[in-house]
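Presented below is the structure to which this report refers.
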Amino acid sequence: MAALEQTTNSLPVVAGTIEFGDIPAVDQLKSGSTKLVIASYNIRYAVGRYLISSGVLRKVGINPPIRRTEVVVNHIATAAKAFSEGRLMPQVDILALQEADKQTARAGGIHVARELATKLEMSWVHAAAGIPRGVPPKKRQWWLDFEEQIGLNDAGDTGVALISRLPLKDVARVDLPWRECAWRPRLAIAATVSAGPNELRIYNAHIDPHPGADGQLEQLEAMMDQADQSNAPTIVMGDFNTLSKQKCFETRRFLENRGYLTPFSSGTNTWRGAGLRFHADWIFGRGVRVSRFGVARPLNVSDHWPVWAEIEM
């Protein structure tokens, strides 16, 4: 798979299915530091925390929130403060987003990654999922049927994104096998940043919740086969949808066997809904040292909470 290089145009440029945003004139950290604060957040198109209750209301013909564009814009502003003000977490240098919708109706027509990156004054890249147009979703497990679907003929899309204080290079899309959820392609995005004399490779993935642990590991393996082609320090993060103890165990064992470690204890709550709590979101690293880490809450922009870590290479 060919890597797609970052550009320097003032307007977003689409290269294949990867969209590149502005690049601020920043090429190093303060005082040449090799420390970075990274975070992963399933922003759920910035529509709010109420996944299950809003899904129930849609079944009876009510689709909250009503003033969709206004709500999404306000939520993105709230997220920008959380990632930059240092209250819920240290100021973030690199942010991985999942469910970063691009001008869908359910996101109020907002390009979520671009809007958030603009408020943070940071670079961004976005890989669109490539939702099949006009293909109705198949019946799914009832506990996964609360999500608002993208319209069959909606011109927008969803996807994953990286937002960075440092220039991004060697940007690449990684397509993941997706059989259980045939209406929703699964993917990861990768990029490299330089911190002092060192380079760091970053992978951001949104793993499918529908298959069992074996199906999820198949998706992770496709990404890790790409990651293992480099010996550079590497971060693997994202929403891995480990919605059971077994999936947490299998995912952690798989990545640890590949040489990647996480500071988070299995069972750390990163998602909530209707009184339920799950550990869905992770950060794993190879060749880096984690000095501190956490879950940023309370934050009600999404049904997930961001996970973050300060790393040193």
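The values are calculated or read from the model by the stated rules, or taken from the named source; none is laboratory data. The shown structure was predicted, so the numbers you read here are calculated from the model rather than taken from an experiment. Each accessible area value is taken on the protein alone, full model and side chains, heavy atoms only, with ligands, DNA and RNA left out. Shrake-Rupley method; radii C 1.70, N 1.55, O 1.52, S 1.80 Å.
Listed values, structure above:
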read-out	value
Nearby aspartates and glutamates by direct alpha-carbon distance to LYS102 (threshold 13 angstrom, same-chain neighbours under 8 apart not counted)	GLU19, GLU115, ASP154, ASP157
Overall Cα dimensions of region 161-237, principal axis frame, Å, largest first	42, 22, 15
Expected-Rg normalisation [2.2 N^0.38 Å, Cα atoms] applied to region 166-304	1.05
Volume per residue that the Cα convex hull of region 88-244 spans, once the total is divided by residue count, Å³	132
Members of LYS35/LYS169; LYS35/LYS81; LYS81/LYS245; LYS169/LYS245 lying beyond 26 Å, as alpha-carbon distances in this model show	LYS81/LYS245; LYS169/LYS245
Cα pair distances in region 260-300, grouped into 10 Å bins until the bin that holds the longest one, percent each	24, 51, 21, 4
Estimated vicinal HN-Hα couplings, Hz - region 258-263 in sequence order (Karplus 6.51, -1.76, 1.60; Gly, Pro = x)	8, x, 10, 10, 10, x
Under 18 Å from LYS247, Cα to Cα: aspartates and glutamates that are on another chain or at least 8 residues apart	GLU180, ASP208, ASP214, GLU218, GLU221, ASP239, GLU256, ASP281
Accessible surface of region 89-139 [probe 1.4 Å, protein heavy atoms]: carbon and sulfur percent	49
